[in-house]
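Okay, so here's the structure we're looking at.
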Amino acid sequence: MEFFEVIRHRRSVRAYQPTAVEAEKVRQILACAMAAPSAGNLQAYAIVVVTDAKTRRALARAALDQMFIAEAPVVLVFFQDPGRSAVKYGRRGAELYSLQDATIACAYAQLAATALGLASCWVGAFDEETVNRLLKAPPGLRPVALLAVGYPAEVPYPTGRRPFEEVVRWETF
């Protein structure tokens, strides 16, 4: 898909076919996530790929019972790694840059999934401690996004967006 077409077609999908996602497509998505820009090129994040049905169900429960997460054959869990960023950038790196690194990697993964004909849904509402426990996250990592990925069982209509003029302000100095 051409880039602007990918942007126009990306939707938050909450219904998935039971079809497995090909390993090569998952690798392509992960490669795109890892190509995302990051502060100091530190890539202060970790990604856990979850395909086990039992673990996906547990993640769905940890995400306020958003059970569509369990339907998706793949869930990518993005963790920020504050310590990795703090080494170079101190407190701001730990608190902000690592969070930005993880979230932009997730955004790239989401767009890559769309380009490959897959659907996704970014989930930010979940119990962090439960996710850490389920995925045996090393100390210091913080989960910041779950990305459900699979073949869509629905095609949502585009959602409205705020008017350009309300969001963007042109300033000349």
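Quick check on the exposure proxy: order Thr130, Thr159 from fewest to most C-beta atoms within 10 angstrom.
Ascending Cβ contact count within 10 Å gives the list Thr159, Thr130.
Between amide H atoms placed 1.01 Å from N, distances below 5 Å from Arg11 occur with Ser120, all of them 5 or more places distant or on a separate chain. The H on the amide N of Ala145, modeled in the peptide plane, is under 5 Å from the matching H of Phe78, each at least 5 residues off or on a different chain. Applying both filters, DSSP loop and at most 16 other Cβ atoms within 10 Å, to the GluC sites (Glu not before Pro) of region 65-173 gives Glu154, Glu171. The H on the amide N of Tyr16, modeled in the peptide plane, is under 5 Å from the matching H of Ala153, each at least 5 residues off or on a different chain. Full extension of the chain segment joining Asn41 with Arg133 gains 30.3 nm, where the gain is 0.36 nm per residue of separation less the Cα-Cα distance. The 3J(HN,Hα) values that the Karplus relation (6.51, -1.76, 1.60; θ = phi - 60°) gives for region 101-107 are, in residue order, 4, 5, 6, 6, 4, 5, 4 Hz. Gly and Pro appear as x. Computed from phi, the 3J(HN,Hα) profile of region 77-84 under the Karplus parametrisation 6.51, -1.76, 1.60 (θ = phi - 60°) reads 10, 9, 10, 7, 10, x, x, 5 Hz, with x in place of Gly and Pro. Estimated from the Cβ-Cβ distance and a Förster radius of 25 angstrom, the FRET efficiency linking Val168 and Phe3 is about 0.80. With a cut-off of 18 Å on the backbone N, the residues of region 51-82 near the modelled label site 7 Å out from Ala23 along Cα-Cβ are 51-53, 73-76. If only the Cβ of Lys and Arg carry +1 and only the Cβ of Asp and Glu carry -1, the dipole of the chain around its Cα centre is close to 280 debye. Charge tally for Gly150 (other residues, Cβ to Cβ under 12 Å; Lys, Arg +1; Asp, Glu -1): 0.
Please sort 46-52, 132-138, 147-153 by packing, taking for each peptide the average over its residues of neighbouring beta carbons within 10 angstrom, highest first.
Working: 46-52: 16.9, 132-138: 14.9, 147-153: 21.4.
Taking the mean over residues of other Cβ atoms within 10 Å, the ranking is 147-153, 46-52, 132-138.
Values in this text are rule-based calculations from the coordinates and carry no lab data. These numbers were taken from a predicted model, which means no experiment stands behind them. Positions of Cβ are backbone-derived with ideal geometry, glycine not excepted, and every protein chain shown enters the neighbour counts.
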